[in-house]
Amino acid sequence: MRKSREEAAQTRKQIVTAAAGEFRKNGVVATGLNDLMRAAGLTHGGFYKHFESKDQLVAEACAEAMGSLIEHVTVAASKGPGAAAASYLSTWHRDNPAEGCPLSAIGSELGRCDEKARAEATDGFQKLVEVMAGQFGKTPPAAARRRALVAVSTMIGALTMSRVVTDPELSAEILKEAVKSIADE
């Protein structure tokens, strides 16, 4: 029995959502089609009914993950100066890469992906910069953008390194000092 267009769209969304988490959790290269279809509760045979390639799915999963991140950071930013950086640089975010920022979880892999995935990552990065620029109060727009570029790059790098190091105290210190450096700018 054929699925309706609505059911097919829901299944496609289910695959994209599952892939976004699996890619962030395990990496793009380490996540095979069987793995991500299993995570979506489906068999791998249906993959090509929804996507032309894994690259197409990577791009769509990146867009979804960045959209969720921007939504979360925007809500945090509404709570006042420094709140967006503190939310991003939290121990929860560090400990839950499958639900967090794809730039910190799989950024180096995204840099080796096709143009579409890199375009989605770029778009998400720019939106994150816009949100952060709004955190710098009465700073002129050009200066706020410059500060936001540095702040977002610091946030991504600090979160990444907090996951890399083996010392829990050092990991927490990286997050704390990055938040302070952004708030003090």
Helix 54-77 sits off the longest principal axis of the Cα atoms of the chain, rounded to the nearest 10 on a 0 to 90 degree scale, by 40 degrees
Apply the Karplus parameterisation 6.51 cos²θ - 1.76 cosθ + 1.60, with θ equal to phi minus 60°, to every residue of segment 168-184 and state each ³J(HN,Hα) to the nearest whole Hz, in sequence, with x for glycine and proline.
-> x, 5, 5, 4, 5, 5, 4, 4, 4, 5, 5, 4, 4, 5, 6, 5, 7
Please state the charge dipole magnitude for segment 67-115, taken about the Cα centre, from unit charges on C-beta atoms (+1 on K and R, -1 on D and E), reported in debye and rounded to the nearest 20.
-> 260 debye
Please get the size of the charge dipole for segment 65-152, origin at its Cα centre, with Cβ charges of +1 on Lys and Arg and -1 on Asp and Glu, quoted in debye to the nearest 20.
-> 480 debye
With contacts defined as alpha carbon pairs under 8 Å and 6 or more residues apart, what's the relative contact order of segment 5-184 in percent?
-> 24 percent
Taking the dipole about the Cα centre of segment 5-184, with the C-beta of Lys and Arg at +1 and of Asp and Glu at -1, give me whichever of Gly27, Ile15, Met161 is farthest to the positive side.
-> Met161
Say a paramagnetic label sat at a point 7 Å from the Cα of Ala172, along Cα to Cβ; which residues of segment 81-99 have their backbone N under 11 Å from it?
-> 91
Inter-site label distance for Glu7 and Trp92 at 7 Å from Cα along Cβ, in nm | 3.7 nm
Could you go through segment 78-83 in sequence order and give the Karplus-derived ³J(HN,Hα) for each residue, using 6.51 cos²θ - 1.76 cosθ + 1.60 with θ = phi - 60°, rounded to whole Hz, and x for Gly and Pro?
-> 5, 8, x, x, x, 5
Determine the distance separating the Cα centre of segment 5-71 from the Cα centre of segment 88-104; give it in Å without decimals.
-> 19 Å
Which pairs in the list Lys54/Lys176; Lys25/Lys79; Lys25/Lys116 are over 25 Å apart, alpha-carbon to alpha-carbon?
-> Lys54/Lys176; Lys25/Lys79
By how many nm would the segment from Val164 to Gln56 lengthen if fully extended, with 0.36 nm per residue of separation less the alpha-carbon distance?
-> 36.0 nm
Relative to the longest principal Cα axis of the chain, at what angle does helix 141-164 sit, 0 to 90 degrees, rounded to 10?
-> 70 degrees
Any chance you could give the angle, 0 to 90 degrees and rounded to 10, that helix 5-26 forms with the longest Cα principal axis of the chain?
-> 50 degrees
Quick one: dipole size for the chain, taken about the Cα centre, charges +1 on Lys/Arg Cβ and -1 on Asp/Glu Cβ, in debye to the nearest 20.
-> 360 debye
Once every DSSP H run of n ≥ 4 in the chain is given -39500 (n - 2.57) and the sum is divided by its residues, what mean residue ellipticity at 222 nm do you get, rounded to the nearest 500 deg cm²/dmol?
-> -24000 deg cm²/dmol
Of Ala86, Ile174, Gly41, which is farthest on the positive side of the dipole of the chain, counting Cα position, with +1 on Lys and Arg Cβ, -1 on Asp and Glu Cβ, and the Cα centre as origin?
-> Gly41
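Any read-out appearing in this document is the output of simple, stated calculations on the displayed coordinates, not a laboratory observation. This is a predicted model, so every value here is computed, not measured. Note that each Cβ is placed from the backbone with ideal geometry, even for glycine, and that neighbours are counted across all protein chains shown.
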